[in-house]
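What follows is one structure encoded as structure tokens, with my remarks underneath.
The values are calculated or read from the model by the stated rules, or taken from the named source; none is laboratory data. This one's a predicted model, so the numbers in the text were calculated from it and none came from an experiment. Neighbour counts are summed over all protein chains in view; Cβ atoms, including those assigned to glycine, are modelled from backbone coordinates with ideal geometry.
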Amino acid sequence: MNPEFLAKLAVENDSKVLLVVLDGLGDLAGPDGLTPLEAARTPHLDEVAAQGVCGFHDPVAPGITPGSGPAHIGLFGYDPVSNLIGRGVLDTAGTDFVFQPGDLAARINFATRAADGTISDRRAGRLTDAEGRRLVARLAGAVGEIDGVQVLLQHVKEYRAAVIFRGREFDARLCDSDPQQTGLEPLAVAPTIEDPPPLALLTAGLANQFIERAARVLADEERGNFVMLRGFDVYQPLPDFGRLYRWRALAIAAYPMYKGVARLAGMRVLERGQQTLEEELELLRGAWGEADFFFFHVKKTDSRGEDGDFAGKVEVIEHFDRLLPGLLELEPTVLCITGDHSTPCALRSHSWHPVPICIRAPSARRDPCRRFGETEFLQGGLGRIRATEVMALLLAHAGRLRKFGA
């Protein structure tokens, strides 16, 4: 669904919409024939399913396995293919860094390089936040400019940071320097296209110079003595989510990337150092009068899926279900509970499987679903839709879309 088309139909009212995204929610049946959603005891989710309309969404298209960025972009109503955003911009946007259009951002992983030049630890022993901030400050004090280009550093989380280049035109079509395995030498940053234009070669050279200079600065560090770059992208803002749909939008998440994708869409991101679901819920309750649309993100369903921890994913789902009454007490006009993508425990990764979704609203046409789970949702009234169609349904159920045509 084209957001510019929806924007022409959007109207203001006093409704409130709550979009809950349980990251990596979808799954496959385990040894007992049940998915984590089906194995979990979820009386409150089941109640929502019985009161709403259920089904599945494809984050990009059938058969396509999405990254977290495209998956959320689609749920927010933007085309994830034409609005593909690199990890460097996504992670940086999740911090308090203020972008300027045209900035080139890349994610930094602090790493440990062995004496033979190979990478011995791709995450530098999983540095703490304090250690990561110290390394960023050290680099920022030593590398502020390369060939007339301003170099800006931003800590993101633990061993992750970002480098932002500013001051000229860039070409972000570059490969990562991370070899993706230990025991291998880091890769040189290079253009990803055949017969690269001069600008791509100059941008790659700039990135490689930064890596070399960072290695000299960090040479005496025991663990974080090297940097690897990934996810190059040039920052360009998305069409503003609030202006498009004529509402005040607010996001609550614990991880930088999800704060970043919300901020790129123009949402106001609440930041109080929240780490737990209880802290996120408390933030939501306190800010309920400040916005019309709320994006509430739950990360650990995805983490447990990637760990292959079936029982752990069940517990995360049950934990959320225990807190769900606190969301229901807010009485949103429209409540949508879904995931951004599937992360089956058996695969330990994102997958192409369609994602369960339920929309509860006074105007929702109820279907036969009585349990919140994949098998039950096969008979749901939503059927199988694209993620880009979700926002139109939320706006419609909130009474925020006027009739199209005469």
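The single condition among (1) surrounded by 21 or more Cβ atoms within 10 Å (Cβ to Cβ); (2) in a helix (DSSP H, G or I) that Ala251 does not satisfy is (2).
Restricting region 306-332 to residues that are touching a Gly at 6+ places or on another chain (Cβ under 8 Å) and at pLDDT 95 or above, the residue that is surrounded by the fewest Cβ atoms within 10 Å (Cβ to Cβ) is Phe310.
Go through the residues of region 361-375 one by one and say whether even a single one is assigned to a helix (DSSP H, G or I) and more than 23 Å from Trp247 (Cα to Cα).
Restricting attention to region 361-375, the residues satisfying the condition of being assigned to a helix (DSSP H, G or I) are 374-375.
Pick out the ones that are also more than 23 Å from Trp247 (Cα to Cα) and you get 374-375.
Checked against the condition, which is being assigned to a helix (DSSP H, G or I) and more than 23 Å from Trp247 (Cα to Cα), region 361-375 yields at least one hit.
For region 360-374, a residue qualifies if it is more than 22 Å from Lys300 (Cα to Cα) and in contact (Cβ under 8 Å) with a residue 24 or more places away in the chain, and the qualifying residues are Arg360, Ala361, Pro362, Ser363, Ala364, Arg365, Arg366, Asp367, Cys369, Arg370. For region 349-370, a residue qualifies if it is crowded, with 17+ Cβ neighbours inside 10 Å and not hydrophobic (A, V, I, L, M, F, W, C), and the qualifying residues are His350, Ser351, His353, Pro354, Pro356, Arg360, Asp367.
Taking the residues in region 153-172 that are part of a loop (DSSP other than H, G, I, E, B) and more than 21 Å from the chain's Cα centre (by Cα) as candidates, determine which candidate is surrounded by the most Cβ atoms within 10 Å (Cβ to Cβ). Walk me through it before giving the result.
Taking region 153-172 first, the residues part of a loop (DSSP other than H, G, I, E, B) are 158-159, 167-172.
Subsequent filtering for residues that are more than 21 Å from the chain's Cα centre (by Cα) retains 167-171.
Numbers: Gly167: 16, Arg168: 15, Glu169: 10, Phe170: 24, Asp171: 19.
Per the stated criteria, the residue is Phe170.
Scanning region 277-305 for residues that are within 17 Å of Phe320 (Cα to Cα) and either part of a helix (DSSP H, G or I) or free of Cβ contacts under 8 Å to residues at least 12 places away in the same chain (or both) yields a total of 15.
Going through Arg213, Arg230 one at a time, which residue ends up being surrounded by 14 or more Cβ atoms within 10 Å (Cβ to Cβ), in contact with an Asp or Glu (Cβ under 7 Å, 6 or more places away or on another chain) and in the same structural domain as Ile108 (by TED's automatic domain parsing)? Lay out the reasoning, then the answer.
Values: Arg213 fails: in contact with an Asp or Glu (Cβ under 7 Å, 6 or more places away or on another chain).
Being surrounded by 14 or more Cβ atoms within 10 Å (Cβ to Cβ), in contact with an Asp or Glu (Cβ under 7 Å, 6 or more places away or on another chain) and in the same structural domain as Ile108 (by TED's automatic domain parsing) holds for just one of Arg213, Arg230, which is Arg230.
On inspection, Arg285 fails the criterion of being more than 22 Å from Asn83 (Cβ to Cβ), surrounded by fewer than 16 Cβ atoms within 10 Å (Cβ to Cβ) and under 19 Å from the mean Cα position of the chain (by Cα).
Any residue in region 47-65 that is without any contact (Cβ under 8 Å) to a residue 40 or more places away in the chain, within 21 Å of His319 (Cβ to Cβ) and part of a helix (DSSP H, G or I)? Full working, then the answer.
Step one: of region 47-65, the residues without any contact (Cβ under 8 Å) to a residue 40 or more places away in the chain are 47.
With the extra rule that they be within 21 Å of His319 (Cβ to Cβ), the set shrinks to 47.
Now drop any that are not part of a helix (DSSP H, G or I), which leaves 47.
The answer is yes, given that some residue of region 47-65 is without any contact (Cβ under 8 Å) to a residue 40 or more places away in the chain, within 21 Å of His319 (Cβ to Cβ) and part of a helix (DSSP H, G or I).
Among the residues making up region 194-236, those that are closer than 20 Å to Leu84 by Cα and part of a strand (DSSP E or B) are Leu229, Arg230, Gly231, Phe232, Asp233, Val234.
Among residues that are under 18 Å from Val89 (Cα atoms) and either exposed (fewer than 15 other Cβ atoms within 10 Å of the Cβ) or assigned by TED's automatic domain parsing to the domain that holds Gln274 (or both), Gln181 is not included.
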